[in-house]
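Shown next, in structure tokens, is the structure this report addresses.
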Amino acid sequence: MNHYELIVIGGGPAGLAAALAAYEQGLRKILIVERDKELGGILNQCIHNGFGLHHFKEELTGPEYAGRFVEMLKDTNVEVALDTMVLEITREREVHAVSVAKGYQVLKGDSVILAMGCRERTRGAIAIPGDRPAGVFTAGTAQRYLNMEGYMVGRRIVILGSGDIGLIMARRMTLEGAKVLACVEVMPYSGGLNRNIVQCLQDYDIPLYLSHTITDIRGKGRVEGVTVSQVDARRNPIPGTEMHFDCDTVLLSVGLIPENELTRQAEITMDPRTNGAVVYENMETALPGVFACGNVVHVHDLVDFVTAESMRAGRAAAAYVQKGEADDAGLITLKNGDGVTYTVPQRIRPGNVENAEVFFRVNRVCGASEIRVMSGDTQIAKFKRAHLAPGEMERIMLPKKLLEKAGSELTVGIVEL
Amino acid sequence: MFDVAIIGCGVVGAATAFMLSQRECSVVVLEKENDVATGATRANSAIIHAGYDPEPGTKMARLNVRGVELAQKLCKELDVPYIQNGSLVLAFDETDDKTVEKLYHRGVENGVPGLEIISGDEARKREPNLSKQVTSALWAPSAGIINPWEYALAMIETAVRNGVELRRECAVTGLNKTDAGWSIETTKGTVEAKYVVNAAGVHSEEIHNMAAEPAFKIIPNRGEYYLMDKSDGGRANSVLFQCPSAAGKGVLISPTVGGNLIVGPSADNAEDGDCVGTTAAGLASVREKAMKTMPDLTYRGAIRNFAGMRANSDQADFFVQVSAPGFVDLACIKSPGLSAAPAIAEEAVVLLEGEGLALPAKAECITTRRRIIFNELTQEEKAKVIAGNPLYGRVICRCETITEGEIVHSLHCPVPPVSIDGVKRRAGAGLGRCQGGFCGPRVAEIIARELGIPMVDMLKDTAGTNILIGETKQKNK
Ligand SMILES: Cc1cc2nc3c(=O)[nH]c(=O)nc-3n(C[C@H](O)[C@H](O)[C@H](O)COP(=O)(O)OP(=O)(O)OC[C@H]3O[C@@H](n4cnc5c(N)ncnc54)[C@H](O)[C@@H]3O)c2cc1C
Ligand SMILES: Cc1cc2nc3c(=O)[nH]c(=O)nc-3n(C[C@H](O)[C@H](O)[C@H](O)COP(=O)(O)OP(=O)(O)OC[C@H]3O[C@@H](n4cnc5c(N)ncnc54)[C@H](O)[C@@H]3O)c2cc1C
């Protein structure tokens, strides 16, 4: 059996950063397993600018951002198995993988990092009624056809969902000569970054219909048209508000789901709110020695945060291999207070960190607000924000001395001022 | 000149071709679409009904019960996913209790084996997610679940290997009686055959009327469904029907052979028998009715909706008979048509013989089929399969773990697919929770490579379902 100190599953930005960080900490037997024929993950199809502002302090395209990490890998002895799919991981950290080159392999890791990314929600998941013609794509699939294979998927487009991929594709399709008729969002606010709303919709005069949804798709061979209706506060279509669009394509940008089949199979504790594993401050899952980072834990909008989080996972995996299990004295569980849909991490071991970085998302758009961290009835920290939105991930730092004061539970909530 | 021309290649046409392929005769199957099993056969509840439903004495009753026997045998021989997991018809009040008793007696009369009436508590013991309102249930151990299109595919593939000719994109537009038999006009020219079998599903009335005086009327009826993720597949162990009542037939909840959960169908008459779209109202009615069986069922795990078109008619029974000299109708095949299909085919053979066609058994023919389903193999078997053909080491569909080996194999089978959905129906790629979002482009590439179809001509499914409209500006340069 092949033995490694660390096996990283997934060679997207998360897996790459994690492997490099573990290498920097001194691990010398590291393997990255990637099912695609190249490293880089979803970044390879994101040929637009806007990656790396935080991490590299410059604007890169997706492939450029990934390229930097792939370049850094060259100076290490980290092994990479491309075109290799992990089928299963066991609780003993055996990794079962298949490939054309090496057949069926069972690999053993002293530690494992899960970095499998996420997949897109589809039409079936949101039950759009109507015909089932060709021309209904998830935005990411269309992006792949366009950017990686060089094919146009349609000429007259309606986009459902205002997630970032949909917004990016609105601009991309427009530049390719297609007409984007509308971007339709069921919520009263956009799910994407504000900068993308401005740069991808407003700059091209593409209307954004908030509190609207597609209620019918028509077409025998190819899509011929859609009906869009306004929705009420409970997201039910309002009769009489129907608008018809003649289009040949519907792009769906209705959310991403972390890809956790392997995690579930290994019976690692999951958080139903993130659809990812429950993790500690160092990105360790409930199964000792198995860590998770990037979109497989929770959906990120900025790759820079993926990188930061993944380096933490990589360092922690190295520490696990070198020093053994972390000390979990004084374990703190994070709870979601008012307006907060999830936090990552969900658990903090104060003995294990200097500053605990906590990511979370809010469930509504707010103006000037305060993020409050409570231990029972006592407020132990607060953070001011000029603006909060579900489409933008929030980040706070909880210093060690604060954590030491906290009880066994901390609640993160928001209050609009 | 063929001995027999079969019109339509759904499960009924495929079964008939399969049965005839074991006899000494020449057979052509004419199918209007670019693939087989794209009608009712691909969009239904996928249940092999035990046979307590049809009125005793009808063809439907006899062929249903016989069909179950044959399905058990054929699925084993032809490697078709089939699980005999039994069914429960659930009663929710005293009227239903009486219906359950009536169905029990009807079933006994029809010769359905092993029927039993059980209490609500016993039903809940077997099905923990069942509603507390269930008062009693009819248990039918011979009911099962099947992959319906694979069933049809297995039979037509084997028929083709035995020498049957399949012509696709060949719609029948007219029938003329000749001295020797029939001259069949199609969109691909004229076909001559001594005998004609009408297995055109929802279009069987049109075909009948080309050969004989009108005798029945098809009333297309749409059934809509939810298909749920595999994580929901365990919510039911058996097929859970609701008691038919004044309010209608109710909906069923059942696991599928793929491990998903299926919920439906609705029932609405439809103008256009080819229009298998879903509707907000239909889907809502499915959700509402299913709640009665499983109050806690949520649709968070939904991965797909679809609708199928029943060939309902003004006939109470299947219309299986000789309607003109040398012209056999296998028409009005509504539910339990899938269950009865091979028995209907046996009946067709008898009817053809009755019309004077000699059908001696072939001395040698193929009646079995084997496939490699990578995901179902043990670790050792997987290693061995990849060693034999490395393409089995490349997973293309990550949700269902379908390998390139399986996809390439399907593209070179006796009835090869010509579209992404065609590959889906054969190899299973794209059936899972991401519905081909991930593997679609990759499958398209493999089809292009293996069959020499240019990417820009790639079809999602039947003719006209092109997925791409051309190359991008950059690629053009
Ligand atoms: C369309 C789009 C636009 C974006 N735009 C921006 C932007 O402008 N700016 C920005 O900062 N961020 C952007 N992001 C976000 C950023 O790209 C993602 O957050 C980041 O790529 C996530 O990295 P990851 O490594 O977790 O996942 P991924 O990039 O998805 O990588 C996961 C990898 O794991 C592999 N894998 C999965 N399962 C297995 C298995 N079983 N065996 C082997 N390998 C496996 C996959 O093939 C993949 O390569 C965008 C994302 C998308 C999708
Ligand atoms: C919603 C629903 C649920 C059902 N559930 C069940 C169930 O659980 N169990 C069960 O046993 N049965 C069930 N059934 C019934 C079963 O699906 C059908 O009885 C069976 O599939 C009918 O098969 P077929 O071959 O007659 O028709 P089809 O599968 O419709 O095939 C007819 C074929 O004829 C072709 N054709 C039509 N016109 C022409 C022409 N002019 N020229 C050439 N070809 C032509 C079509 O393209 C098609 O391929 C259900 C049906 C529906 C709609």
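The values are calculated or read from the model by the stated rules, or taken from the named source; none is laboratory data. Everything quoted here is computed from the prediction, not taken from an experiment. So basically every Cβ, Gly included, is an ideal-geometry build from the backbone, and we count neighbours across all protein chains shown. Accessible surface is based on the protein model in full, side chains and every heavy atom, while ligands, DNA and RNA are left aside. Shrake-Rupley method; radii C 1.70, N 1.55, O 1.52, S 1.80 Å.
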- Item | Cα Rg, Dmax, the range B:399-467, angstrom units | 10.7, 29
- Message: Given a 1.4 Å probe and heavy atoms of the protein chains only, how would you sort B:Ser183, B:Ser26, largest accessible area at the top?
- Response: B:Ser26, B:Ser183
- Item | Average accessible area per residue (Å²) across chain B - probe 1.4 Å, nucleic acids and ligands excluded | 38 Å²
- Note on the structure: Within chain B, the cysteines whose Cβ lies no closer than 4.7 Å to any other cysteine Cβ are B:Cys9, B:Cys25, B:Cys75, B:Cys170, B:Cys243, B:Cys275, B:Cys332, B:Cys365, B:Cys399, B:Cys413, B:Cys434
- Message: Please list, ordered by chain and number, the residues whose modelled amide H lies under 5 Å from the amide H of A:Gly154; skip anything fewer than 5 residues away on the same chain.
- Response: B:Ile469
- Item | Rounded, prolate or oblate (a/c below 1.5 giving rounded, otherwise prolate when a/b exceeds b/c) for chain B by Cα gyration tensor | oblate
- Note on the structure: For the range A:93-107, Karplus-derived ³J(HN,Hα) couplings (6.51, -1.76, 1.60; θ = phi - 60°; whole Hz; x for glycine and proline) come out as 6, 8, 10, 9, 9, 10, 7, 5, 6, 10, x, 8, 10, 10, 10
- Message: Suppose R0 equals 60 Å. What FRET efficiency, 1/(1 + (r/R0)^6) with r the Cβ-Cβ distance, do B:Ala316 and B:Thr367 give to the nearest 0.05?
- Response: 0.95
- Item | DSSP bridge pairs, chain B: antiparallel proportion in percent, nearest 5 | 70 percent
- Message: For the range A:172-240 and the range B:182-254, what is the centre-to-centre distance using only Cα atoms, to the nearest Å?
- Response: 36 Å
- Message: Which one, B:Ile344, B:Ser183, B:Ala15, is farthest towards the positive end of the dipole of chain B when Lys and Arg carry +1 and Asp and Glu -1 on their Cβ?
- Response: B:Ala15
- Message: Give the A-B buried accessible area in Å², both sides summed, 1.4 Å probe, nearest 100.
- Response: 4200 Å²
- Counting only protein heavy atoms and leaving out ligands, DNA and RNA, the solvent-accessible surface of B:Tyr299 at a 1.4 Å probe, in Å² to the nearest 10, equals 50 Å²
- Note on the structure: Heavy-atom accessible area of A:Lys37, protein chains in place, probe 1.4 angstrom, given in Å² to nearest 10, is 130 Å²
- Item | Built amide H within the under 5 Å cut-off of A:Val290, gap 5+ | A:Val112, A:Thr285
- Item | Calculated FRET efficiency for the pair B:Lys384/B:Lys76, C-beta based, R₀ 30 Å, to 0.05 | 0.85
- Where labels lie 7 Å past Cα in the beta-carbon direction, separation of A:Met397 and B:Ile83 in nm: 5.3 nm
- Note on the structure: With label points set 7 Å from each Cα along the Cα-to-Cβ direction at B:Ser183 and B:Glu165, the distance between them in nm comes to 1.8 nm
- Assign unit charges at the C-beta atoms only (+1 for Lys and Arg, -1 for Asp and Glu), then state the dipole size of the protein assembly as shown relative to its Cα centre in Debye, rounded to the nearest 20. 1320 debye
- Note on the structure: Along the range B:169-182, Karplus-curve 3J(HN,Hα) (6.51, -1.76, 1.60; θ = phi - 60°) to the nearest Hz, with x for Gly and Pro, reads 6, 10, 7, 7, 10, x, 10, 10, 6, 10, 4, 7, x, 9
- the range B:138-148 - phi-based ³J(HN,Hα) in whole Hz, Karplus 6.51/-1.76/1.60, Gly and Pro as x: 9, 9, 10, x, 8, 6, x, 10, 8, 8, x
- Item | A:Ile42 accessible area, assembled protein chains, probe 1.4 Å, Å² | 100 Å²
- Message: Report D for the range B:272-426 in µm² per second (integer): Stokes-Einstein, Kirkwood Rh on Cα pairs, 10 °C, 1.306 mPa s.
- Response: 77 µm²/s
- Query: Within the range B:218-244, whose backbone N sits under 14 Å from a point 7 Å along Cα→Cβ of B:Thr95?
  - Reply: B:243-244
- May I ask you to list the residues of the range B:247-279 whose amide nitrogen lies under 15 Å from a point 7 Å from Cα along the Cα→beta-carbon direction of B:Thr58? B:249
- FRET efficiency for A:Asp232 and A:Val198, Cβ-Cβ distance as r, R0 = 35 Å, nearest 0.05? 0.80
- Query: For the protein assembly as shown, with the dipole built from +1 on Lys and Arg beta-carbon atoms and -1 on Asp and Glu ones, taken about the Cα centre, which of B:Ile467, A:Thr174, B:Ser313 lies farthest toward the positive end?
  - Reply: A:Thr174
- Item | Within the range A:10-168: Cβ-based charge dipole about Cα centre, in debye rounded to nearest 20 (Lys, Arg +1; Asp, Glu -1) | 440 debye
- Message: From the helices alone, meaning DSSP H stretches of at least four residues, give me the mean residue ellipticity at 222 nm for the protein assembly as shown, per-run term -39500 (n - 2.57), in deg cm²/dmol to the nearest 500.
- Response: -7500 deg cm²/dmol
- According to a simple spin-label model (label point 7 Å from Cα along Cα-to-Cβ), what is the distance in nm between B:Asn129 and A:Ala386? 4.9 nm
- Once you treat every alpha carbon in the protein assembly as shown as an equal point and sum by Debye, what is log10 I(q)/I(0) at q = 0.06, 0.07 Å⁻¹? -0.45, -0.61
- Over the range A:327-417, calculate the relative contact order: mean separation of alpha carbon pairs under 8 Å at least 6 apart, over the residue count, as a percent. 38 percent
- Long-range tail of P(r) for the range B:127-256 (Cα pairs > 24 Å, %): 56 percent
- Query: Mean separation of Cα pairs under 8 Å and 6+ residues apart, divided by the residue count of chain A: what relative contact order is that in percent?
  - Reply: 16 percent
- Could you give the size of the charge dipole of chain B about its Cα centre, using +1 on the Cβ of each K and R and -1 on the Cβ of each D and E, expressed in debye and rounded to the nearest 20? 1540 debye
- Query: With all protein chains present, how much of the accessible area of the protein assembly as shown (probe radius 1.4 Å) comes from carbon and sulfur, to the nearest whole percent?
  - Reply: 49 percent
- Item | Calculated P(r) of chain A - Cα pairs past 38 Å, % | 24 percent
- Sorted by chain and then number, the residues having a modelled amide H within less than 5 Å of the amide H of B:Leu175, at least 5 places away or on another chain, are B:Glu185
- Query: Which residues in the range A:376-395 place their backbone N less than 15 Å from a point set 7 Å from the Cα of A:Asn363 along the Cα-to-Cβ direction?
  - Reply: A:389-391
- Note on the structure: Here, GluC sites (Glu not before Pro) of the range A:200-291 satisfying both criteria (DSSP loop; at most 12 other Cβ within 10 Å) are A:Glu267
- Enter the Cα centre distance for the pair the range B:30-88 and the range A:64-130, rounded to the nearest angstrom. 41 Å
- Message: Suppose accessible area is computed on protein heavy atoms with a 1.4 Å probe; arrange A:His387, B:His208 from highest to lowest.
- Response: A:His387, B:His208
- Message: Over chain B, what is the relative contact order in percent, taking alpha-carbon pairs closer than 8 angstrom and at least six residues apart?
- Response: 19 percent
- Query: Among A:Gly41, A:Leu73, A:Ala101, whose Cα sits farthest toward the positive end of the charge dipole of chain A (+1 at Cβ of Lys/Arg, -1 at Cβ of Asp/Glu, about the Cα centre)?
  - Reply: A:Gly41
- Around A:Val321 (Cβ within 14 Å, Cβ-to-Cβ, excluding A:Val321; K/R +1, D/E -1) the net charge comes to +1
- Query: With a ≥ b ≥ c the root eigenvalues of the C-alpha gyration tensor of the range B:50-148, is it rounded (a/c under 1.5), prolate (a/b larger than b/c) or oblate?
  - Reply: oblate
- Query: If you rank B:Asp96, A:Asp205 by how much accessible surface each has, with a 1.4 Å probe, what is the order from largest down?
  - Reply: A:Asp205, B:Asp96
